[in-house]
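Data block below; observations after.
The values are calculated or read from the model by the stated rules, or taken from the named source; none is laboratory data. Here the structure is a predicted model, which means the values were calculated and not measured. Cβ placement follows ideal geometry from the backbone for every residue including glycine, while neighbour counts extend to all protein chains displayed. Side chains included, ligands, DNA and RNA excluded: accessible areas come from the protein's heavy atoms. Shrake-Rupley method; radii C 1.70, N 1.55, O 1.52, S 1.80 Å.
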Amino acid sequence: MKTIKLLALFLVTCLALLNCKKQETKENMKESAQLEATQNEISKAFYGKTSDGKEVDIYTLTNKNGMKVQIINYGAIITSLTAPDKNGKMEDVVLGYTKPEDYFNGNPYFFGALIGRYGNRIANAKFTLDGKSFELNKNDGTNHLHGGKEGFYSKLWTAEPIENAKNPSLKLTYTSEDGEQGFPGKLVTTVIYTLTDENALEIDYEATTDKNTIVNLTQHSYFNLSGKFTQPITDHVLQLSADKFIPVNNVLIPTGELKPVANTPFDFRTPKLVGKDINAQDEQIKKGNGFDHCWVLNGKGLRTIGTLLHPESGRVMEVITDQPGVQFYSGNFLDGKYDTKTGGKNEFRTGLCLETQHYPDSPNQPTFPSVELKPGEKYHTKTIYKFSVKK
């Protein structure tokens, strides 16, 4: 009888333990599902209000690794982008303002901005198309820069998450009316930001027009892979697949020449410290006060055109694009007037840009690739910033 009681007690204990185990498994599955729900998702929140009372939202895209990108529908601006270092620590790697109004009231550095209709400079703020001359807004001395004083970076875009996408994707749309900032044609522009599980930020640009016009869209994020925004980017190592670059005149307008990089400070065909030749006694370096030039990229189609490495953190950023050029800008106009997101000020050369694009002033340079867009055509280009680590 005693043996039967002991056996019964043993069976009851086993059943209790089994139920506990099942409950624990259910809880773990529930926690896992909750964790999954916090990743590979898009969340939306109120960000701020413009001076004319328009409400601006911020969207956070998160992948399964916990990497995040934050985008506001004002200017389709990237305000934050995190990436892991060699120890797995996530840190923001793009410069930005600490207050929404600094984005809304001019964004003098173009931090994180979606640039259009035309990225970079157009000489004397005018061009001729189909025999007709067009006068553009002058916002860079006598020249036109980054779409004008009220370019795409200063517009409220319509934003919508893409439902059932494999990765978190945000679609932003803006319609630029005929004559805006002097450009011909009604241009409908769509930009899709996608954050993949491979830690890549993909940017797809599309545009259509109802009149012959010109288009050159780009993204103007400033990168500092150290995650410390008061540290100069001169300790970054850059490689660019480009045998030539585009020399400029005193107001940073292309001379029309495509010059070999060989035996110049502009040779980044093999990885080189950004700071190595940034103060070289070179006429082009002096004109840009550092690097502020367009490199003529090797190859065609979607291909890797460069890599950026920060040796101390181990962060690596690969740049993939189908564009013919990239503007490498070493933050030479950052002047310490604004606070950084990590304390201190955005000082001289504390961020750099790698803006994939067509060549500057292409509408006035007949030997440069065409930037013309006609009715019935679709402008489409893609750029990817892919992050990894080197230990």
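For residues that are closer than 30 Å to D130 by Cβ and either of a type in the set (A, V, I, L, M, F, W, C) or surrounded by fewer than 20 Cβ atoms within 10 Å (Cβ to Cβ) (or both), tally how many sit in segment 209-237.
Selection size over segment 209-237: 6.
Which of (1) more than 27 Å from K390 (Cα to Cα); (2) touching a Leu at 6+ places or on another chain (Cβ under 6 Å) does E283 not meet, given it meets every other one?
Every listed condition holds for E283 apart from (2).
On the given criteria, is N346 surrounded by 15 or more Cβ atoms within 10 Å (Cβ to Cβ) and farther than 21 Å from I78 by Cα?
Considered against the rule, which asks whether it is surrounded by 15 or more Cβ atoms within 10 Å (Cβ to Cβ) and farther than 21 Å from I78 by Cα, N346 comes out as no.
Please specify each residue of segment 131-169 satisfying the condition of being among the charged types (D, E, K, R) and either more than 29 Å from N250 (Cα to Cα) or buried (at least 21 other Cβ atoms within 10 Å of the Cβ) (or both).
Those that are among the charged types (D, E, K, R) and either more than 29 Å from N250 (Cα to Cα) or buried (at least 21 other Cβ atoms within 10 Å of the Cβ) (or both): K155, E160, E163, K166.
Considering only segment 81-94, state which residues are open to solvent by less than 20 Å² (accessible area, probe 1.4 Å) and assigned to a strand (DSSP E or B).
Answer for segment 81-94, where residues must be open to solvent by less than 20 Å² (accessible area, probe 1.4 Å) and assigned to a strand (DSSP E or B): L81, A83, V94.
Which one is least open to solvent (accessible area, probe 1.4 Å), of the residues in segment 245-284 that are more than 23 Å from L145 (Cβ to Cβ) and in a strand (DSSP E or B)?
So the residue we want is K272.
Considering only segment 285-306, how many residues are outside any strand (DSSP E or B), farther than 14 Å from N332 by Cα and of a type in the set (S, T, N, Q)?
1
Before we move on, is N105 touching a residue at least 24 places away in the same chain (Cβ under 8 Å), crowded, with 20+ Cβ neighbours inside 10 Å and among the polar types (S, T, N, Q)?
When the stated conditions are applied, N105 does not pass them.
Looking at (1) part of a strand (DSSP E or B); (2) open to solvent by 60 Å² or more (accessible area, probe 1.4 Å), which is the one condition that is false for S370?
So S370 meets the others, but not (1).
Checking A113 against (1) open to solvent by 10 Å² or more (accessible area, probe 1.4 Å); (2) hydrophobic (A, V, I, L, M, F, W, C); (3) within 25 Å of V56 (Cα to Cα); (4) touching a strand residue (DSSP E or B) at 6+ places or on another chain (Cβ under 6 Å), which single condition isn't satisfied?
Only one criterion is unmet by A113, namely (1).
Which residue, of K391, K386, K337, is assigned to a loop (DSSP other than H, G, I, E, B) and over 21 Å from F110 (Cα atoms)?
Criteria check complete, one pass: K391.
Among the residues of segment 337-391, how many are among the hydroxyl-bearing types (S, T, Y) and closer than 15 Å to G116 by Cβ?
The number of residues fulfilling the criteria is 5.
Does T98 qualify as being open to solvent by 20 Å² or more (accessible area, probe 1.4 Å), closer than 28 Å to L225 by Cβ, at pLDDT 80 or above and not in a loop (DSSP other than H, G, I, E, B)?
Taking the combined requirement at face value, the residue does not satisfy it.
Considering only residues that are in a strand (DSSP E or B) and surrounded by fewer than 20 Cβ atoms within 10 Å (Cβ to Cβ), which ones fall in segment 170-189?
K171, T173, T175, V188
Is there any pair with a first residue in segment 271-288 that is touching a residue at least 40 places away in the same chain (Cβ under 8 Å) and of a type in the set (F, W, Y) and a second that is loosely packed, with under 13 Cβ neighbours inside 10 Å and in a helix (DSSP H, G or I) whose Cβ atoms are under 7 Å apart and which are 6 or more apart or on different chains, and what are they?
none
Filter segment 132-174 down to the residues that are over 21 Å from the mean Cα position of the chain (by Cα) and among the hydroxyl-bearing types (S, T, Y), then identify the one that is farthest from S51 (Cα to Cα).
Once the filter is applied, the top-ranked residue is S133.
Among the listed residues A125, A200, identify the single one that is out of contact with any Cys (no Cβ under 8 Å at 6 or more places or on another chain), among the aliphatic types (A, V, I, L, M) and at positive phi.
None of the others qualify; the one that does is A125.
Residue-wise test of (1) among the polar types (S, T, N, Q); (2) surrounded by 10 or more Cβ atoms within 10 Å (Cβ to Cβ); (3) at pLDDT below 50; (4) under 28 Å from K345 (Cβ atoms).
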site: K2; (1), (2), (3), (4): no, no, yes, no
site: A37; (1), (2), (3), (4): no, no, yes, no
site: I42; (1), (2), (3), (4): no, yes, no, no
site: K49; (1), (2), (3), (4): no, yes, no, yes
site: V69; (1), (2), (3), (4): no, yes, no, yes
site: N73; (1), (2), (3), (4): yes, yes, no, yes
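Any idea which of T158, T128 is over 18 Å from V215 (Cβ atoms) and either free of Cβ contacts under 8 Å to residues at least 40 places away in the same chain or in contact with a strand residue (DSSP E or B) (Cβ under 8 Å, 6 or more places away or on another chain) (or both)?
T158
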